[in-house]
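Read the structure below first, then the notes.
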Amino acid sequence: MKGRVLLFGGARGTGLEIAKILSAQGRPLTVFVRPGSDRSALESLDVELVTGNVLDADAVTAAFESGEFVAALNCVGGIRGEPRPDYDGAKNIVDATQAAGVRRLVMLTAVGAGDSRDALAPRAWEVLGPVIELKTKGEDYLIASGLDYTILRPGGMSFDAATGTALLTEDRTAMGTITRADLARLVVDCLDDDTTVGRIFHAVDPSIRDLPPLQRGQDLPGRSS
């Protein structure tokens, strides 16, 4: 897919890994970052930056008005102690994507959302239940929008080096750990793959055999993207 991409949530985590990949590919990229975010890693890349909060609908609209875009990526994660963007932010991105006439939107949510509820352990539901419910609402809003969407649901995420063995599956029971670098690669692959339009995938790495995230202290689905 040629043309500029607008990335939400690119200052850290999986979003930053996506920005690194797209920049290395020489693809035009604009990254939407929150005021006060650490931009040092992004400033070393060949990307344009726009500032705003996804909970501010006008700021999201202004981001789309900053250029001509062929696709948007929603990799926004929450920050402890602050309002969650999992539904309201996702809704603002969907609405602005439609208003700008952009068709393609790829979004990260989490295992447990939507029809994958049973894949998340009861103990994890005790911690993440409210966040997962918001992510489900965000998924539902995107699905109903008519956009050319793809939804990726990771489970536990780590900052370890990429393994190169992560994959996407439509098995709604799949749950495991994936590195953020591998997840980023899968997101970028979906961006260019029309066969993923209108589909929801779980992102897993069968090569990682470790303790469940709640026992190991990894980032959990829903805490951050």
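The values are calculated or read from the model by the stated rules, or taken from the named source; none is laboratory data. Because the structure is predicted, anything quoted here is derived from the model rather than measured. Every residue, glycine as well, gets a Cβ built from its backbone with ideal geometry; the counts of neighbours run over all protein chains shown.
Filter the stretch 128-158 down to the residues that are closer than 18 Å to ARG12 by Cβ and touching a residue at least 60 places away in the same chain (Cβ under 8 Å), then identify the one that is nearest to the chain's Cα centre (by Cα).
PRO154
Test GLY129 against the criterion of being out of contact with any helix residue (DSSP H, G or I) (no Cβ under 7 Å at 6 or more places or on another chain) and assigned to a helix (DSSP H, G or I), and give yes or no. Please lay out each step first, then the result.
On the way: out of contact with any helix residue (DSSP H, G or I) (no Cβ under 7 Å at 6 or more places or on another chain): yes; assigned to a helix (DSSP H, G or I): yes.
So GLY129 fits the description; yes.
Please find, among THR14, THR30, the residue that is within 14 Å of the chain's Cα centre (by Cα), polar (S, T, N, Q) and surrounded by 19 or more Cβ atoms within 10 Å (Cβ to Cβ). So that I can check it myself, show each step before the final result.
On the way: THR30 fails: within 14 Å of the chain's Cα centre (by Cα).
Sole residue among the options that is within 14 Å of the chain's Cα centre (by Cα), polar (S, T, N, Q) and surrounded by 19 or more Cβ atoms within 10 Å (Cβ to Cβ): THR14.
Give the residues of the stretch 15-58 that are among the acidic types (Asp, Glu) and in contact with a Lys or Arg (Cβ under 9 Å, 6 or more places away or on another chain), sorted by residue number.
Step one: of the stretch 15-58, the residues among the acidic types (Asp, Glu) are 17, 38, 43, 46, 48, 56, 58.
Listed by number, the residues that qualify are GLU17, ASP38, GLU48.
Name the residue that is nearest to VAL70 (Cα to Cα), counting only residues in the stretch 1-44 that are among the acidic types (Asp, Glu) and at pLDDT below 95. Full working, then the answer.
As a first pass, look at the stretch 1-44 and keep what is among the acidic types (Asp, Glu): 17, 38, 43.
Retained after the next criterion (residues that are at pLDDT below 95): 38, 43.
Values: ASP38: 26, GLU43: 23 Å.
The extreme case among them is GLU43.
Which residues, taken from the stretch 20-40, are closer than 24 Å to ALA161 by Cβ and in contact with a Leu (Cβ under 6 Å, 6 or more places away or on another chain)?
LEU22, SER23, LEU29, VAL31
Kindly indicate the residue of the stretch 161-178 that is surrounded by fewer than 16 Cβ atoms within 10 Å (Cβ to Cβ) and among the charged types (D, E, K, R) and also farthest from ARG117 (Cα to Cα) among those meeting that condition.
Applying the first criterion (surrounded by fewer than 16 Cβ atoms within 10 Å (Cβ to Cβ)) to the stretch 161-178 yields 161, 163-165, 167, 169-171, 173.
Still in the list and also among the charged types (D, E, K, R): 170-171.
Values: GLU170: 14, ASP171: 12 Å.
Taking the candidates together, the pick is GLU170.
Within the stretch 62-76, is there a residue that is within 18 Å of the chain's Cα centre (by Cα) and without any contact (Cβ under 8 Å) to a residue 60 or more places away in the chain? It would help to see each step written out before you state the result.
Filtering the stretch 62-76 for residues within 18 Å of the chain's Cα centre (by Cα) gives 63-64, 69-76.
Those still in the list that are without any contact (Cβ under 8 Å) to a residue 60 or more places away in the chain too: 63-64.
Yes, the stretch 62-76 has at least one match.
Restricted to the stretch 77-88, and to residues that are small (Gly, Ala, Ser) and on the phi < 0 side of the Ramachandran plot, which residue is nearest to the chain's Cα centre (by Cα)?
Start the filter on the stretch 77-88 by keeping residues that are small (Gly, Ala, Ser), which leaves 77-78, 81.
Within this subset, residues satisfying the condition of being on the phi < 0 side of the Ramachandran plot are 77-78.
Numbers: GLY77: 8, GLY78: 11 Å.
Checking each candidate, the answer is GLY77.
Listed residues GLY155, GLY112; which is on the phi > 0 side of the Ramachandran plot, crowded, with 18+ Cβ neighbours inside 10 Å and not polar (S, T, N, Q)? Before the answer, list the steps.
Numbers: GLY155 fails: on the phi > 0 side of the Ramachandran plot.
Result of the check over GLY155, GLY112: GLY112.
From the list THR150, THR195, exactly one residue is assigned to a helix (DSSP H, G or I), of a type in the set (S, T, N, Q) and within 25 Å of PRO28 (Cα to Cα). Which is it? It would help to see each step written out before you state the result.
Working: THR150 fails: assigned to a helix (DSSP H, G or I).
Exactly one residue qualifies, and that residue is THR195.
Among (1) under 22 Å from GLU139 (Cα atoms); (2) touching a Ser or Thr at 6+ places or on another chain (Cβ under 7 Å), which single condition is VAL50 missing?
Single failed check for VAL50: (1).
Would you check which residues across the stretch 132-147 are closer than 15 Å to GLY78 by Cα and not in a helix (DSSP H, G or I) and list them?
Passing the criteria: none in range.
Can you tell me which residue is nearest to VAL131 (Cα to Cα) among those in the stretch 63-104 that are buried (at least 20 other Cβ atoms within 10 Å of the Cβ) and β-branched (Val, Ile, Thr)?
The selected residue is VAL76.
In the list LEU55, LEU49, LEU42, LEU22, which residue meets the criterion of being surrounded by 15 or more Cβ atoms within 10 Å (Cβ to Cβ), over 14 Å from the mean Cα position of the chain (by Cα), part of a loop (DSSP other than H, G, I, E, B) and of a type outside the set (D, E, K, R)?
Values: LEU49 fails: part of a loop (DSSP other than H, G, I, E, B); LEU42 fails: part of a loop (DSSP other than H, G, I, E, B); LEU22 fails: part of a loop (DSSP other than H, G, I, E, B).
Selected residue: LEU55, the only one of LEU55, LEU49, LEU42, LEU22 that is surrounded by 15 or more Cβ atoms within 10 Å (Cβ to Cβ), over 14 Å from the mean Cα position of the chain (by Cα), part of a loop (DSSP other than H, G, I, E, B) and of a type outside the set (D, E, K, R).
Return the residue satisfying two criteria in turn: it lies in the stretch 177-225 and is of a type in the set (A, V, I, L, M) and farther than 28 Å from ALA71 by Cβ, and of such residues it is modelled with the highest pLDDT. Lay out the reasoning, then the answer.
Taking the stretch 177-225 first, the residues of a type in the set (A, V, I, L, M) are 178, 181, 183-184, 186-188, 191, 197, 200, 203-204, 208, 211, 214, 220.
Still in the list and also farther than 28 Å from ALA71 by Cβ: 208, 211, 214.
Details: ILE208: 89, LEU211: 41, LEU214: 41.
Result: ILE208.
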